[in-house]
Each structure stands twice: as structure tokens, then as C-alpha cells.
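Participant: My questions will all concern the structure given below.
Only the coordinates and a few stated rules stand behind these numbers; no lab work does. Everything quoted here is computed from the prediction, not taken from an experiment. Note that each Cβ is placed from the backbone with ideal geometry, even for glycine, and that neighbours are counted across all protein chains shown.
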Amino acid sequence: MQKDRSCCPDSVMRASLPVSILTAMKQRMTDTESQDPDKLIEGYRRFRKSGWNPHRERWKELRDGQQPDLMIIACSDSRVDPSQIFDVAPGEMFVVRNVAALVPPFETSPGHHGVSAALEFAVQVLKVKEIMVMGHGMCGGCKVALTRELHGTVPGEGGFIADWIGLLDEARDPIANEMGTVGRNAERAMELAAVQVSLDNLRTFPCIRRKLKDGELRLRGSFFAISDGALHIMDDESGAFAPVR
Ligand SMILES: [Zn+2]
């Protein structure tokens with residue numbers, strides 16, 4: 001039986017989304033169709049065997065609470081899982097993932113501020129000592145920020161993405177003027193600039209500013225290049241990214 005995979009009629013989505021987004025959707029649907037429906041359950045069984053059973057004591061401790069020292073903000077992209085890249089154990093890293101690893105500025109306007117809620121919890125309750133923003137190569141969100149191909153679409157048909165990555169508009173304009181809106185050079189510049197935007201926006205939160213001033217919190221920028229699996233760390237002073245040796 002054919003399952004309905006979308007909240008919107010397919011014809012409506014196809015009529016309004018740009019070709020590149022449609023191609024990505026098509027690829028996703030093909031992947032979903034070919035996926036073994038028990039893949040998740042099989043993965044869970046492997047986890048029980050190798051990730052849970054040998055570490056029962058650790059899981060017992062975690063039952064009483066979490067005390068991660070690090071918060072990481074990363075992209076939702078399926079290729080850049082922070083726990084995998086940093087090889088951390090459960091309980092060590094508080095993670096927020098969203099399109100393009102963005103942090104909005106401190107805002108008190110009506111709405112549902114998911115990233116701000118997570119930041120508040122991490123900084124004020126968990127008292128993390130470091131927040132790392134991790135951008136990545138071949139980021140679809142940054143690419144669309146650069147091309148503005150979803151500009152003017154309505155919510156549910158690209159509008160939510162367009163609105164979200166509008167957080168990059170200010171950083172995008174000089175890049176587009178200097179390097180154009182297509183090609184890896186411009187895309188990479190946008191991906192690196194997005195990390196800086198999120199770091200700048202983190203500093204607009206009063207609780208973060210206060211903790212930075214008191215030396216209780218550190219902010220770091222990083223970038224994961226998918227093609228060679230290399231992590232780059234941003235220099236606080238120069239803003240330049242250098243690969244980790
Ligand atoms: Zn991304």
C-alpha cells in the first residue's frame with residue numbers, strides 16, 4: 001500500500017519548490033523507499049549489545065541526571081552528527097541541530113524560540129562551560145541562503161526555510177557581491193560566515209554575555225568538511241579556520 005509521506009499534496013509541493021530542492025526531495029524519497037523498514041530496530045539491537053550492555057554502570061549514573069560540559073550547535077544535515085564526529089559518550093554533549101546550525105539573536109517577540117530555550121537550559125541550568133558552533137561543507141541551508149531560491153515561498157512550501165536562513169541575509173550580501181551566488185568558493189564563504197553569525201548572535205544573549213565576562217563560558221567556532229572528514233577550528237582573534245592536526 002502506498003503511504004502518504006507528506007503533509008502537503010505532492011502536486012502542490014512540486015508546483016512551488018525550486019528544481020534543486022525537488023531533486024533533493026526525490027533522492028530522499030527514493031532512499032526511503034529502498035530502506036529496510038527494520039533498519040532502525042536492527043540498529044537499536046546493535047546498540048543494546050555494544051552501546052548499552054557493556055556500559056550499564058554509566059547508564060545507571062545517567063538515570064540520575066546529565067552534566068555535560070559542552071553544548072554544540074550543528075546542522076540537521078544527516079552527514080554531520082556531532083556525537084559521531086567527536087566520538088563522545090552519552091551524557092557528554094548537549095546538542096541542538098537545525099538548518100545551517102544557526103542561532104537567532106536574543107528576541108522576546110511572540111513565537112516559539114526553540115534554540116533560545118535550549119541555550120537557556122544549557123547555560124543557566126546545566127551550566128555548560130563551552131558552546132561550540134559547528135558549520136559544515138556542502139550545507140544546503142547555506143546554499144539556499146546564498147541563492148535566495150526560496151525567497152517569496154509560503155510556509156510549508158519553502159517559506160519556513162527561507163525565513164530561517166534569512167538570519168544569514170546580512171552576511172550573505174557582501175559574499176554574493178564579491179563572489180556571486182553559485183560555486184563552491186562562494187558557498188564555502190557562506191558556510192564559514194554562518195558560523196560567525198551564530199557566534200555573534202550567541203553574544204546577544206545577556207546570560208551568555210555575563211558568563212563570558214566572568215570567564216565561566218567559552219564560545220568556539222568550527223567547520224566540518226564532509227569530503228575529507230576534516231574538522232577546522234576557528235581562531236578567536238582572526239576568525240580564520242585551520243584544520244585540526
Ligand atoms: Zn547544513
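Participant: Tell me, which longest segment in the chain has none of the GluC sites (Glu not before Pro) that fall in DSSP loops with at most 16 further Cβ atoms within 10 Å?
Facilitator: Numbers: sites that count: Glu92, Glu107, Glu216, Glu237.
Longest stretch, sites excluded: 108-215.
Participant: Magnitude of the Cβ-charge dipole of the chain, K/R +1 and D/E -1, about the Cα centre, nearest 20 debye? It would help to have the intermediate numbers written out before the result.
Facilitator: Details: 31 positive and 34 negative charges, 141 e Å.
I would put it at about 680 debye.
Participant: Could you give me the ³J(HN,Hα) list for region 211-223, computed from phi with Karplus coefficients 6.51, -1.76, 1.60 and θ = phi - 60°, whole Hz, x at Gly and Pro?
Facilitator: So the Karplus estimates, Gly and Pro as x, are 5, 5, 4, 7, x, 9, 9, 10, 10, 9, x, 8, 8 Hz.
Participant: Report the extension gain between Arg184 and Val88 in nm, rounded to one decimal, defined as 0.36 nm multiplied by the number of residues separating them, less their alpha carbon distance.
Facilitator: Length gained, Arg184 through Val88: 31.5 nm.
Participant: When averaged across all projection directions, what area in nm² does the alpha-carbon convex hull of the chain cover?
Facilitator: Over every viewing direction, the Cα hull of the chain projects on average to 16.5 nm².
Participant: Can you check what the net charge comes to around Ile175, using other residues whose Cβ is under 14 Å from the Cβ of Ile175 (Lys, Arg +1; Asp, Glu -1)?
Facilitator: Net local charge, Ile175 excluded: -1.
Participant: Please work out how much length the chain gains when fully extended from Ile41 to Gln67, using 0.36 nm per residue of separation minus the C-alpha to C-alpha distance, in nm with one decimal.
Facilitator: Extra length from Ile41 to Gln67 when fully extended: 6.5 nm.
Participant: What is the sum of charges, Lys and Arg at +1 and Asp and Glu at -1, for the other residues whose Cβ falls under 11 Å from the Cβ of Gly166? Don't skip to the answer; put the middle values down first.
Facilitator: Values: positive: Arg148, Arg172; negative: Asp163, Asp169, Glu170.
Combined, the nearby Lys, Arg, Asp and Glu give -1.
Participant: Can you sort Val144, Val99, Val115 by how many other beta carbons sit within 10 Å, fewest first?
Facilitator: Val115, Val99, Val144
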